[in-house]
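Written below as structure tokens is the structure these notes are about.
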Amino acid sequence: MNDESEKTFRIRELQESLESQSEDPALHFNLGILLWEKGEDCNKEKAAEHFVRSAKLNPQNGPAFRYLGHYYHQFLADSERALKCYQRAITLDPQDSVAGETLCDLLDQSGKETLQFAICNEAISKSPRSFWAYRRLGFLQVHQSKWSESIQSLQHAIRGYPTSADLWEALGLAYQQMGMFTAAIKSYGRAVELEDYRVFALVESGNVFLMLGAFRKGVEVFHKALKISPQNVSALYGLASALLSLAKECVDTGAFKWGASLLEEASEVALACSSLESNLSSIWKLHGDIQLLYAKCFPWMDEDRALNVDGKKFISSILSWTRSCYQASVAANNSYQRALHLAPWQANLYADIAVAEDLRSFLKENWEKLTDSWSLPEKIAVGEALGFFLKENRKKLSHSWSLPEKMCLGGLLFEGHNNEFWVALGCLSSSATLKQHAFIRGLQLDVSQAVAWAYLGKLYWQEGQRELAQHAFDRARSIDPSLALPWAGMAADAYARKLRPDDAFECCLRAVQILPLLGFQIGLAKLAHWSGNLSSFEVFGGIRQAVLRAPHCPESHNLNGLVSEARCDYHSAVISYRMARYSLSSFCHPTLKLHLQDVSINLARSLCQLGYASDAVKECENLKKEGLLNANGLQIYALSLWQLGERDLSLSVARMLAASIPSMEKALVSSAVSFICRLTYYVSGMDSAVKSILKMPKHLFQSSKLSFVISAIHTLDDSNQLEPVVSSSRSMLASSGDRTAMHILESLGKLVKYRSGDTLGIQEGISHLKKALHMFPEDASIRSFLGNLLVSSKEWEDLHVATRCLTIDHCQHQKVEALKSPWEIMGAGAVACCTTKFDNERFLFPTCQDQWHSGPKAIQKLQQCLHHEPWNHNVRYLLVLCYFQKAREERFPRYLCGIIERLTDVALSDQFNKDNNRSELYKKFQLLLCAAEVALQSGNARNCIDHAQTASQLLLPKDHLFFAHLLLCRAYSFEGNLVSLAKEYKRCMELKTNWHIGWIGLKFIISRHKLENQPTELSMLFEECSKDIRSSWNMWMAIFSLMEGLIAIWTNDFLVAEEHLLQACSLSTRDSCLYVCHGAICMELAKQHCDSLFLNRAIQSLKKAKQTSVQRRQPLPIVSLLLAQAEASLGSKAKWERNLQDEFFAWPPGLRPAELFLQMSLLPTQSSKESNAYPAMVHGQSRLRWVLQAIHMNPSCMRYWKVLQKCYADMYTF
Amino acid sequence: MKISSLNTIESAHDDSIWTATWVPSDAGPPYLLTGSLDECVRVWNPDTLENIHTNSGHCLGVVSVAVHPSGRIAASASIDSFIRVFDVVTNNTVATLEAPPSEVWQLNFNPQGTTLAVAGGSSTAIKLWDTAQWQLIGTLSVPRPEGLKPSEKSNSKKFVLSVAWSVDGQRIACGSMDGTISIFDVARAKFLHHLEGHCMPVRSLVYSPVDARVLFSASDDGHVHVYDAEGKTLITSMSGHASWVLSVDVTPDGQAIASGSSDKSVRLWDLKMRTATQILNNHTDQVWAVAFGPPGRTDVRSCLLASVSDDKSIAFYQYS
């Protein structure tokens, strides 16, 4: 309202000013606009008057002409004058878009396109910023399909109207038409971005995506378009074809189920599309394509994976599968026919119908062939269920042409020059001569047509003309190496081409990888069987796909079974063989009996492997009834009988097998003989096995496999009767792998042969393996087996050597056929090592000659191993033990105890309860002891006793159980429960152990509590135990003496202690620790008795200790200090100085005790020049500084302060 | 489609590096999170190659790290079976999830960030943890394979090593020690089916970011498989690695995958050609993990790739 009144006011104002200045064009114009905008008819007339006035007064005023144009055009409908006015307006102002657009619209209405062009071009030539003209021009050019010009115009126009979706859409279309697809997608994308309801842009960009092969994106875009306009035919069509293309991609890679599900969706969309537009032939053609592919790729669903295959269910699932395929082929055929009906001039539709019809009749004939043996009512019933219409046998009208041939000819009549039609005819025709003619015609039209060459090759191959076939295939392959058929042909022709099995397999593999076709896949599996590649992954994938496509074909099931068996999946193998047999027996196959035999034997074998021996026996008996049991079958029969415990029966079968040996193929003989040997050994024992081997003719033992069997029996045989046979058969070992394996077997034999009582002849085995290793230094299996034996040995050094002979390579994961992996041996070695490791130098100084080399890294290494094989309980167990070792070294810190408690608790609770074999029990025992020890160390004696008692109740050998009771002794001793302690001690004495350390521990405890009744009894038992160990025997005796010495020290009986220690020193020279102890005792005695004899002894021992430690470059602290004191007592100042200095450097810097600094302060400041070997800092230090350092280290010691006082006093007196 | 080497951080950890994952960030470059046998988790800046944080807190080697989609928190698991959930920037512990030893292996957050899936090792199950309350909300057990007689000790054979979420969060795939892959429907907490084809442990799994049906797997049998996980079909089996394939990851555009192996190499596979287009030998020991970073800020077609190895080094590459 306000606006209105203001306008009226303005009009009045202008009218008033016009009265005074009637010749002012601007006033007229302004007034005109105001009146025009008031919108009433009378006003418009007035406005026009003013515009006319204004234009007359100022002919350069473009807008005035524009308004006049509007007036004439809208009000008077006088287009002639309107045109002129607009034209005038544009000439005056070429950027006037309103005038320009209206003018062009006017021209458009009268159909004057050329004039529009002229006007636009004129405007553009006058002003490059007349964007309206570009826009108009662009649209016009698009309309006239002048694509390249339109792109330029539209690009200009977009500069003026960057947010116009129309322009972007048009630009996209232009790009698309010019083949600039990425640019087109971008333009369409911009249009959709600006206005998201642009269906045209969406659909077209979808089409471009399809053209670019980006089917997924296409599907996405079409879905978007359909959301906006669900009934859009082109979007539906696009979606269906995108899904079809996607499905094709899937099917080509072998993902049949995926492809089929996509095709189902596509078919629905296509049908929805056809219901909207039922008379478009292209939609029907699309639907036909979808159905045809569906018929070709629809997979058989094998949901039933139970071991006992339900035959009826299996057959009915095949029936329903066939039905689906057949129906799809019929649907495809019908759709193509509809398409042809709508557009009978399209030649390719004839070929399409021919293909569909061919597939349909193939499916039908195939089915008829399969069910040939069925009774007629059965056939009819099933046929009706499948929709085959068996009764209506299409009568051939003429004898010469089949339906597919005829339809192909229909296509050829339209386009006789189309070579692809000729190839199609060649493929679909049933007569060989026609085929050849068609292919050659195709090749005449285009000689480089690889497909035609390939099919021609196939034809010749089928006709038996091998050379021609080879030539054709080679041609095809050289023209297009990415074609599958020639490769398959090459593989099929392997015999004629003298290809090695592996090469043939590779060729066929290439064909399968290019195109996963049923025939190729089955061929691949067969070649794999031939070349020994059955466990290859490509074969697995291929044969699984083949089964989905040919469930009716026993061959595919049988091959599938073989592949599963090669992968040790016997469960699947049994199912497959059963299916193969059902399909064999349900459908008619010409060579039924032979196949049935093969499949049944395969089945029996898999059943036997799976542990269903009774089923396997049943299979074999059935075969036997039919007289189809061959050598392989006999072996399986005997084996499964043996598994069932029917020993005599199995032996009699073995005899049958033996009788058939002379008539056997050579390749089968060795396996049969070795089977008989093994079976006799297992069934009737060593003697009869040996006898039967001796009875057999020598020429039978000419194989490496047999040699192993005989050697194994020989090793177990104590009477050595087989010696000549074994040595003659050894000559058959050719490969180095065989020879190393034989060495391991021999060393195992030594273990057994040199056993004494419960202990194996480990040392003999070790020495044999060492020799073998010298011959085959590279062989990992010998190494790891040697390591295994070394770890099992009771000799001290062997443990340290064990890991050194192993090669642990992370990157070599080949299964080493040893009893234990190198990792486990390494871990076991780390756990078993008696020498303390020096992870933590603060506490430990090594005293032993033998050093653990990879010790500090053991926990990390075990973790690495666990990372490799997290399921390996053994490694986990070793890790716990290693942690325990670490905890022991660090004196059981709280946090480590926590971890161990957790680890042992859980390990005990779940993993060992299931299994009760000896080694698992032993592990459980060890873990329990660990838990008990940790509990004891954390002061929880009750827990400790609980664990140890559980451990003591396990069913293990006595000498292991000893340790549980030992731990109980310790726990009771901790509690102070002397009654129970005595009881446990008694128990220990009853159980006895073979392990020295156990006796030592026991002795330690009881002497602390003085429980010993007969002191000699324990040491006698100790001496008795394990005399078989040789080199370590002295060491153990030395340790026992050491301990007795220590016990003597408790009772302050130093003389006795010295005696024991002297004995210890004389027994073992390996460990400097013994010498140190002896030296220290001697010095104590020297102090007590003031006897220089002891001092000399002390010096002797300490010197030896120092020597051994220097030899190993691991300086031992305290030794030199003691030595220095001893030397000083004998009055040798120089030696005292030297030793004190040695002592200083024996300590790692930072760990030196305060007392050492004090001692150093006693050294004279200026020592003699000969000791210049020591760094200057030792001498440079003044006495005062040494003392200060000592106080700094330990300010609480009053003695140091006193020395300091004295120092100061000395300095002042000085 | 190619990768070019950028930088290598030698001795990034004190011991073997076992796992790596990228931390998406709103500002600045993405960071790399690595876990190692030296019991630490470290955060790296791929541009400056500096070690931003070192997070300790585990008692044994770190087996797996996973980052929440928000990039704020991460979880790490070690051999002692503690899962530590921590703030990536401050290293404050958010939660500690405990499981019996050997019942934790690989971790993975779902793309929505609501659930953490844990491959349950010897428990032969996937454990699902709620990321709001950090409570166990579900257990998806791998059923025993049919046909095995109950007497057979199959439990220890099915150790569950790896776990992966589909992009839509609807499916979980887990790989076991015997080579089977199990697919679960998450919403219904239901086992769907096994995928067969591998015959040795499956150590790494990843779903295609483009198609929720496509699953990539890496196994000790030296093969990388491509599965149609819904149709339980083996689509492609790609061979070339000379030893175990320890890890696999897919590019953000889903066009290529990278794999790391015990043969010390990293391979880039073209999915269309189904072959290895590039072999990189930057490492001197087995490569335990490969990980593609988020797409670049300036160029969406390129992204970073990181690989970590037993040789203690981290290598960075540019994929474009």
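Looking at region A:1085-1162, what helices (runs of 4 or more DSSP H) fall wholly within it and have at least 2 residues that are more than 19 Å from residue A:1189 (Cα to Cα)? Lay out the reasoning, then the answer.
Working: elements: A:1092-1111, A:1119-1129, A:1133-1146, A:1154-1162.
Those helices (runs of 4 or more DSSP H) span A:1092-1111, A:1119-1129, A:1133-1146.
Inside region B:31-62, can you point out the residues that are open to solvent by 50 Å² or more (accessible area, probe 1.4 Å), away from chain A (no Cβ under 14 Å) and not in a strand (DSSP E or B)?
Of everything in region B:31-62, those that are open to solvent by 50 Å² or more (accessible area, probe 1.4 Å), away from chain A (no Cβ under 14 Å) and not in a strand (DSSP E or B) turn out to be B:47, B:48, B:49, B:50.
Just to verify a result, which residue in region A:242-276, among those that are open to solvent by 20 Å² or more (accessible area, probe 1.4 Å) and small (Gly, Ala, Ser), is farthest from the other protein chains (Cβ to nearest Cβ)?
A:275
Open to solvent by 20 Å² or more (accessible area, probe 1.4 Å), part of a helix (DSSP H, G or I) and without any contact (Cβ under 8 Å) to a residue 12 or more places away in the chain, is that true of residue A:1055? Spell out the reasoning first.
On the way: open to solvent by 20 Å² or more (accessible area, probe 1.4 Å): yes; part of a helix (DSSP H, G or I): yes; without any contact (Cβ under 8 Å) to a residue 12 or more places away in the chain: no.
When the stated conditions are applied, residue A:1055 does not pass them.
Return the only residue of A:487, A:453 being in contact with a Leu (Cβ under 9 Å, 6 or more places away or on another chain), over 29 Å from residue B:237 (Cβ atoms) and either open to solvent by 70 Å² or more (accessible area, probe 1.4 Å) or modelled with pLDDT of 85 or more (or both). Before you say what the answer is, go through the steps one by one.
Values: A:487 fails: over 29 Å from residue B:237 (Cβ atoms).
Just one listed residue meets the conditions, A:453.
Out of the residues in region B:94-114 that are touching a Phe, Trp or Tyr at 6+ places or on another chain (Cβ under 7 Å) and assigned to a strand (DSSP E or B), which is modelled with the lowest pLDDT?
Here is the first cut: in region B:94-114, the residues touching a Phe, Trp or Tyr at 6+ places or on another chain (Cβ under 7 Å) are B:94-98, B:108, B:110-111.
Checking which are assigned to a strand (DSSP E or B) leaves us with B:94-98, B:108.
Working: B:94: 89, B:95: 90, B:96: 89, B:97: 88, B:98: 84, B:108: 93.
Residue satisfying both the conditions and the ranking: B:98.
Considering each of A:576, A:585 in turn, give the residue that is among the hydroxyl-bearing types (Ser, Thr, Tyr) and either farther than 30 Å from residue A:506 by Cβ or away from chain B (no Cβ under 14 Å) (or both). Break it down stepwise before answering.
On the way: A:576 fails: either farther than 30 Å from residue A:506 by Cβ or away from chain B (no Cβ under 14 Å) (or both).
Going through A:576, A:585 in turn, the sole match is A:585.
For region B:185-200, how many residues meet the condition of being in a loop (DSSP other than H, G, I, E, B) and over 21 Å from residue A:544 (Cβ atoms)?
4
Inside region B:206-230, can you point out the residues that are away from chain A (no Cβ under 11 Å) and either outside any loop (DSSP other than H, G, I, E, B) or modelled with pLDDT of 95 or more (or both)?
B:206, B:207, B:215, B:216, B:217, B:218
State the number of residues belonging to region B:79-93 that are out of contact with any His (no Cβ under 7 Å at 6 or more places or on another chain) and assigned to a strand (DSSP E or B).
Matching residues across region B:79-93 total 5.
Identify the residue in region B:137-151 that is closer than 15 Å to residue B:177 by Cβ and within 12 Å of another protein chain (Cβ to nearest Cβ) and, among all such residues, is modelled with the lowest pLDDT.
Of all residues in region B:137-151, those closer than 15 Å to residue B:177 by Cβ come to B:142, B:144-145, B:148.
Checking the rest, the ones that are also within 12 Å of another protein chain (Cβ to nearest Cβ) come to B:144-145, B:148.
Working: B:144: 72, B:145: 63, B:148: 49.
Restricting to residues being closer than 15 Å to residue B:177 by Cβ and within 12 Å of another protein chain (Cβ to nearest Cβ), the top hit is B:148.
For region A:216-232, how many residues meet the condition of being surrounded by fewer than 21 Cβ atoms within 10 Å (Cβ to Cβ) and within 14 Å of chain B (Cβ to nearest Cβ)?
Looking only at that region, the number is 3.
Out of the residues in region A:925-946 that are part of a helix (DSSP H, G or I) and open to solvent by 40 Å² or more (accessible area, probe 1.4 Å), which is nearest to residue A:890 (Cα to Cα)?
If we take residues in region A:925-946 being part of a helix (DSSP H, G or I) and open to solvent by 40 Å² or more (accessible area, probe 1.4 Å), then A:937 is nearest to residue A:890 (Cα to Cα).
Is it fair to say residue A:235 is in contact with a Leu (Cβ under 9 Å, 6 or more places away or on another chain), closer than 26 Å to residue A:325 by Cα and crowded, with 16+ Cβ neighbours inside 10 Å? Lay out the reasoning, then the answer.
Working: in contact with a Leu (Cβ under 9 Å, 6 or more places away or on another chain): yes; closer than 26 Å to residue A:325 by Cα: no; crowded, with 16+ Cβ neighbours inside 10 Å: yes.
Here the answer is no, as residue A:235 does not meet what is asked.
If the Cβ limit is 7 Å and pairs must be 6+ apart or interchain, which residue in region A:864-882 that is more than 10 Å from every other protein chain (Cβ to nearest Cβ) pairs with which residue that is polar (S, T, N, Q) and open to solvent by 20 Å² or more (accessible area, probe 1.4 Å)?
A:881/A:926
Given the criterion within 12 Å of chain A (Cβ to nearest Cβ), touching a Leu at 6+ places or on another chain (Cβ under 9 Å) and buried (at least 23 other Cβ atoms within 10 Å of the Cβ), identify the matching residue among B:233, B:251.
Numbers: B:251 fails: within 12 Å of chain A (Cβ to nearest Cβ).
After ruling out the rest, the residue left standing is B:233.
What is the residue count in region B:240-284 for residues that are over 20 Å from the mean Cα position of the chain (by Cα) and either of a type in the set (Phe, Trp, Tyr) or modelled with pLDDT of 95 or more (or both)?
Residues flagged as over 20 Å from the mean Cα position of the chain (by Cα) and either of a type in the set (Phe, Trp, Tyr) or modelled with pLDDT of 95 or more (or both) within region B:240-284 amount to 0.
Within the group A:744, A:762, which residue is crowded, with 19+ Cβ neighbours inside 10 Å, closer than 23 Å to residue A:788 by Cβ and at pLDDT below 80? Break it down into steps so the answer makes sense when it comes.
On the way: A:744 fails: at pLDDT below 80.
Just one listed residue meets the conditions, A:762.
Could you grab me the full set of residues in region B:266-299 that are of a type outside the set (D, E, K, R), within 14 Å of chain A (Cβ to nearest Cβ) and surrounded by fewer than 19 Cβ atoms within 10 Å (Cβ to Cβ)?
Passing the criteria: B:273, B:275, B:281, B:284.
Is it the case that some residue within region A:546-556 is more than 26 Å from the chain's Cα centre (by Cα) and within 13 Å of chain B (Cβ to nearest Cβ)?
Step one: of region A:546-556, the residues more than 26 Å from the chain's Cα centre (by Cα) are A:549-556.
Adding the requirement that they be within 13 Å of chain B (Cβ to nearest Cβ) leaves A:549.
Looking through region A:546-556, at least one residue is more than 26 Å from the chain's Cα centre (by Cα) and within 13 Å of chain B (Cβ to nearest Cβ).
Taking the options A:531, A:536, A:564, name whichever one is surrounded by fewer than 23 Cβ atoms within 10 Å (Cβ to Cβ), polar (S, T, N, Q) and within 13 Å of another protein chain (Cβ to nearest Cβ).
On the way: A:531 fails: within 13 Å of another protein chain (Cβ to nearest Cβ); A:564 fails: surrounded by fewer than 23 Cβ atoms within 10 Å (Cβ to Cβ).
That would be A:536, the only listed residue that is surrounded by fewer than 23 Cβ atoms within 10 Å (Cβ to Cβ), polar (S, T, N, Q) and within 13 Å of another protein chain (Cβ to nearest Cβ).
Could you list, in sequence order, the residues of region B:53-99 that are on the phi > 0 side of the Ramachandran plot and among the polar types (S, T, N, Q)? Lay out the reasoning, then the answer.
Step one: filter region B:53-99 for residues on the phi > 0 side of the Ramachandran plot, giving B:57, B:71, B:81, B:91.
Passing the criteria: B:81, B:91.
Filter region A:962-988 down to the residues that are open to solvent by 20 Å² or more (accessible area, probe 1.4 Å) and under 46 Å from the mean Cα position of the chain (by Cα) and list them by number.
Passing the criteria: only A:963.
Tell me which residues, restricted to region B:170-197, are open to solvent by 10 Å² or more (accessible area, probe 1.4 Å), at the interface with another protein chain (Cβ under 9 Å from one of its Cβ atoms) and not charged (D, E, K, R).
Going residue by residue through region B:170-197, those that are open to solvent by 10 Å² or more (accessible area, probe 1.4 Å) are B:170-171, B:177-178, B:180, B:185-194, B:196.
This time we only want the ones that are at the interface with another protein chain (Cβ under 9 Å from one of its Cβ atoms), so: B:177, B:196.
B:177, the sole residue that qualifies.
Which condition breaks for residue A:954 when tested against (1) part of a helix (DSSP H, G or I); (2) open to solvent by 20 Å² or more (accessible area, probe 1.4 Å); (3) over 21 Å from residue A:823 (Cα atoms)?
Against the list (1) part of a helix (DSSP H, G or I); (2) open to solvent by 20 Å² or more (accessible area, probe 1.4 Å); (3) over 21 Å from residue A:823 (Cα atoms), residue A:954 comes up short only on (1).
Are any residues in region A:334-346 in contact with a Leu (Cβ under 8 Å, 6 or more places away or on another chain) and surrounded by fewer than 24 Cβ atoms within 10 Å (Cβ to Cβ), and if so, which ones?
Just the residues of region A:334-346 that are in contact with a Leu (Cβ under 8 Å, 6 or more places away or on another chain), to begin with: A:336, A:339-340, A:342-343, A:346.
If the condition is that a residue be in contact with a Leu (Cβ under 8 Å, 6 or more places away or on another chain) and surrounded by fewer than 24 Cβ atoms within 10 Å (Cβ to Cβ), then A:340, A:342, A:343, A:346 are the ones that fit.
Just need a number here: residues in region A:599-620 that are surrounded by fewer than 20 Cβ atoms within 10 Å (Cβ to Cβ) and more than 31 Å from the chain's Cα centre (by Cα).
Selection size over region A:599-620: 3.
Restricting to region A:888-924, name every residue that is modelled with pLDDT of 80 or more, over 16 Å from residue B:80 (Cα atoms) and of a type in the set (A, V, I, L, M, F, W, C).
If the condition is that a residue be modelled with pLDDT of 80 or more, over 16 Å from residue B:80 (Cα atoms) and of a type in the set (A, V, I, L, M, F, W, C), then A:892, A:921 are the ones that fit.
State whether one or more residues within region A:308-328 are out of contact with any helix residue (DSSP H, G or I) (no Cβ under 6 Å at 6 or more places or on another chain), away from chain B (no Cβ under 14 Å) and aliphatic (A, V, I, L, M).
Checked against the condition, which is being out of contact with any helix residue (DSSP H, G or I) (no Cβ under 6 Å at 6 or more places or on another chain), away from chain B (no Cβ under 14 Å) and aliphatic (A, V, I, L, M), region A:308-328 yields at least one hit.
The values are calculated or read from the model by the stated rules, or taken from the named source; none is laboratory data. A quick note: this is a predicted structure, and the numbers were derived from the prediction, not measured. Cβ: placed from backbone, ideal geometry, glycine included. Neighbour counts: every protein chain shown. To get the accessible areas, we keep the full protein, side chains included, count just its heavy atoms, and leave off ligands, DNA and RNA. Shrake-Rupley method; radii C 1.70, N 1.55, O 1.52, S 1.80 Å.
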